[in-house]
1. So S174 ticks every box in (1) surrounded by fewer than 16 Cβ atoms within 10 Å (Cβ to Cβ); (2) touching a Gly at 6+ places or on another chain (Cβ under 6 Å); (3) of a type in the set (S, T, Y) but one. Which box is left unticked?
2. Could you check Q230 against (1) in a helix (DSSP H, G or I); (2) within 19 Å of T133 (Cβ to Cβ); (3) of a type outside the set (D, E) and say which number it fails?
3. Can you confirm whether R241 is over 21 Å from G31 (Cβ atoms) and without any contact (Cβ under 8 Å) to a residue 24 or more places away in the chain?
4. Taking the stretch 92-108, which residues are crowded, with 24+ Cβ neighbours inside 10 Å and in contact with a strand residue (DSSP E or B) (Cβ under 6 Å, 6 or more places away or on another chain)?
5. For the stretch 228-262: of the residues being among the β-branched types (V, I, T) and either surrounded by fewer than 20 Cβ atoms within 10 Å (Cβ to Cβ) or not assigned by TED's automatic domain parsing to the domain that holds S19 (or both), which is nearest to the chain's Cα centre (by Cα)?
6. It is to be established whether one or more residues within the stretch 55-77 are small (G, A, S), farther than 22 Å from R169 by Cα, in contact (Cβ under 8 Å) with a residue 24 or more places away in the chain and surrounded by fewer than 22 Cβ atoms within 10 Å (Cβ to Cβ).
7. List every residue pair whose Cβ atoms sit under 9 Å apart, with the two residues 6 or more apart in sequence or on different chains, where the first one lies in the stretch 86-97 and is more than 12 Å from Q134 (Cα to Cα) and the second, anywhere, is surrounded by fewer than 24 Cβ atoms within 10 Å (Cβ to Cβ) and acidic (D, E).
Amino acid sequence: MPAPSPSPTVCSVAAGAASQAPIGIFDSGLGGLSVLRAVRAQLPDEALLYVADSLYAPYGERDDDFIADRTLAIGAWLAAQGAKALVVACNTATAQSIALVRDKLPIPLVGVEPGVKPAALQSKSRVAGVLATQATLRSARFQGLLERYAADCRFLCQPGHGLVQAVERCDVGSAELRALLRSYLEPMLDAGADTLVLGCTHYPFLDAAIRDIVGERLALIDTSVAIARQLERVLEQHGLRSATPAARPPLPRFYSTDDGVRQRQLAATLLQIEAAVEQVLISSPRTCAAARDSQVA
């Protein structure tokens, strides 16, 4: 089954300055809530739609074609809901498929990427650590960042196996999680790193646990605020900034491809947002093929 096509009205939303339309934010799971938090702080008058593809998370262990398949399908779904812009709030999805999705969708896009540039500018020891998913670290986009900005700075790249899954189950401070983080962070400290790039939007929710381990020995680079500022610039450039100040920030509308229980819990616990999560079915060619294969088996 092909990915859903954006409705004809989407073009008029993007081109016709329907500034009151919502912004779509998408992640493979719950990590993009850290970006949503920054967007709400930077753009409090904007309505937001957030989709977590939690049924298929984490993307970091998926193949590149699957990641592109899901990113395009969910971007098209959000455009069909009337989103005036899309934030791909997932480093893995941005790294593997942002160019494809930007080419296919009729609305402006903002992606995310690990903060290699600010880390290279900030590090005094010229050694920096990167925590990211395996898919992000292997991507041509990430390798390009290293080539452009890491000429005189050594980057220690560590796949954060297990960290996304911990956040997805709302574990941001258990003994097991801290032991896992320690195994990733202590070799960086031993190698002289003074800066740590949080290369996945899930990881800012682990800030307190990381601080307990490293103290002030590592400066943490979280790009969510920079993403929110870039989104503001994109909206201004396209005449899409909300023209009506809200009396209070509108509550985001939350969607999930699973039951959304953990999404609601994390939003309440870490963002102090109490809101329902609607379960949605967003089909894509790869997931439809997998469903057919399972029926045949």
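1. Just one mismatch for S174, condition (2).
2. Every condition holds for Q230 apart from (2).
3. No; evaluated as a whole, the condition is false for this residue.
4. T94, I107
5. V234
6. Restricting attention to the stretch 55-77, the residues satisfying the condition of being small (G, A, S) are 57, 60, 68, 73, 75-76.
Subset that is farther than 22 Å from R169 by Cα: 68, 73, 75-76.
Filter again for in contact (Cβ under 8 Å) with a residue 24 or more places away in the chain, leaving 68, 73, 75-76.
Then keep just the ones that are surrounded by fewer than 22 Cβ atoms within 10 Å (Cβ to Cβ); that gives 68.
Yes: the stretch 55-77 contains one or more residues that are small (G, A, S), farther than 22 Å from R169 by Cα, in contact (Cβ under 8 Å) with a residue 24 or more places away in the chain and surrounded by fewer than 22 Cβ atoms within 10 Å (Cβ to Cβ).
7. T94/E113; S97/D64; S97/D69
Residue-by-condition table, conditions (1) of a type in the set (D, E, K, R); (2) more than 12 Å from the chain's Cα centre (by Cα); (3) within 20 Å of D222 (Cβ to Cβ):
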site	(1), (2), (3)
Q42	no, yes, yes
D63	yes, yes, no
G82	no, yes, no
G111	no, no, yes
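The values are calculated or read from the model by the stated rules, or taken from the named source; none is laboratory data. None of these values were measured; they are calculated from a predicted model. Neighbour counts run over all protein chains shown; Cβ positions are idealised from the backbone, glycine included.
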